[in-house]
Amino acid sequence: MNQDTTVATNWSGWRWRLLLLLPMVLAFGMGALLWKSIGTDPNRLESNLIGKPIPELLGPSLLDQQRLLQRSDLSGQPALLNVWATWCTSCAIEHPYLIQIAKLEQVRIIGINYHDKRPQAIDWLNRLGNPYAFTVFDQQGDLGIELGVTGAPETYLVDAAGIIRARHVGILNERTWPQLRQKYQQLIADVDSQ
Amino acid sequence: MNLHCCNTHWLQQALIALSLMMCGMIQQALAAELSSDVLMEKRFADLSEQLRCPKCQNQSLADSDAIISRDLRRQLRELLQQGYSNAEVKQYMAARYGNFILYDPPVERATLVLWFAPLLLILLGAVILYRVSRSHHRTSQTEHTKVDTLNQAEAKRLANLLVSQDSKVIQVTDDA
């Protein structure tokens, strides 16, 4: 009895022993955290450039070699910047969907032809259709570095002022477009209200 | 003739001396250029080890053969040639690809837990260990004092027990 009281006042009794459960609690917490991240794509990194403008100079046009495309070519409308290439198999899967939203939803899409060969790329657009308002020919991936592109396909949502608002890594389709569409429509509404 | 001969001799010597001198100068200039190249290469190699390929998670820029890594290595070389310092290069990369690209993320509010949680856990462990060992020590001590302070009745009983034990032992030896 006497011993119990000294133990309690010294904080080394049952209350203290509870702390020994801490590693277990931490282990469970860790487990829950890892469990939650199962199935999420580790490649899906939030862009560091959200809120930043796209570069002033975009690069040469794919279809018109003489033309140098600039930020001002966005012409004051929100747009999707879609990174694609003929060597990218996922881009071929994505392509019909881009044509669909460009046609049916009047989404303005700007292509970034990434690490590609000009004749092949032009041929691709001729064969499969061209959903792009215009396409930047980014042969060396320089624009890609400025935008933080890691591969293709990748899509950026840019507002009327040319500021990056969202980034999507991977294919745009029925499943992935709705999240981006919501933001896109918001930007359109912002422009209309001005 | 003789004079002529001596003249050419002198000219030859002068030319040899001059070319030797120039050799030395060229060599010196070459060495300087080479060493700055070597230095640049060293920085390039170090930085491409310290930056992570943004596409491939577990590889550095140096290890990876992804398109993006090749682009970034080319860009890295260009930045170094433009005179960027190592810190500026990292800043440039992190501005575009986030802290993900740095194997050593900077100490910021968002990364405080990352940096200091291990230290805190070790400290916590040490405190727990200390407390537990001290409480063990104390309980074993109290048990000792308990044994030391037998009351008279207990002492007597113990003595009796010990005596009977002894006699038993004696009995056993007798039997043998």
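The values are calculated or read from the model by the stated rules, or taken from the named source; none is laboratory data. Note that this is a predicted model, so its numbers are computed, not measured. Here Cβ is always computed from backbone atoms with ideal geometry, including for glycine, and neighbour counts include all displayed protein chains.
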Counting only residues that are at pLDDT 90 or above and at positive phi, which one in the range A:20-59 is nearest to the chain's Cα centre (by Cα)? A:G51
Look through A:R67, A:R71, A:R17 and report the one residue that is of a type in the set (D, E, K, R) and modelled with pLDDT under 90. A:R17
Within the range B:49-59, does at least one residue satisfy the condition of being within 19 Å of the chain's Cα centre (by Cα) and among the hydrophobic types (A, V, I, L, M, F, W, C)? yes
Among the numbered criteria (1) within 14 Å of another protein chain (Cβ to nearest Cβ); (2) surrounded by fewer than 10 Cβ atoms within 10 Å (Cβ to Cβ), which one does B:R109 miss? (1)
Scanning the range A:159-173 for residues that are touching a residue at least 40 places away in the same chain (Cβ under 8 Å) and within 16 Å of A:P131 (Cβ to Cβ) gives A:I171, A:L172, A:N173
Select from the range B:44-59 the residues that are at pLDDT 90 or above and buried (at least 17 other Cβ atoms within 10 Å of the Cβ) and list them in ascending order. B:F44, B:L47, B:S48, B:Q50, B:L51, B:R52, B:C53
Please work out if A:L80 is surrounded by 14 or more Cβ atoms within 10 Å (Cβ to Cβ) and not in a loop (DSSP other than H, G, I, E, B). yes
Scope the range A:147-183; condition among the acidic types (D, E) and either surrounded by fewer than 20 Cβ atoms within 10 Å (Cβ to Cβ) or not assigned by TED's automatic domain parsing to the domain that holds A:I122 (or both); matching residues: A:E174
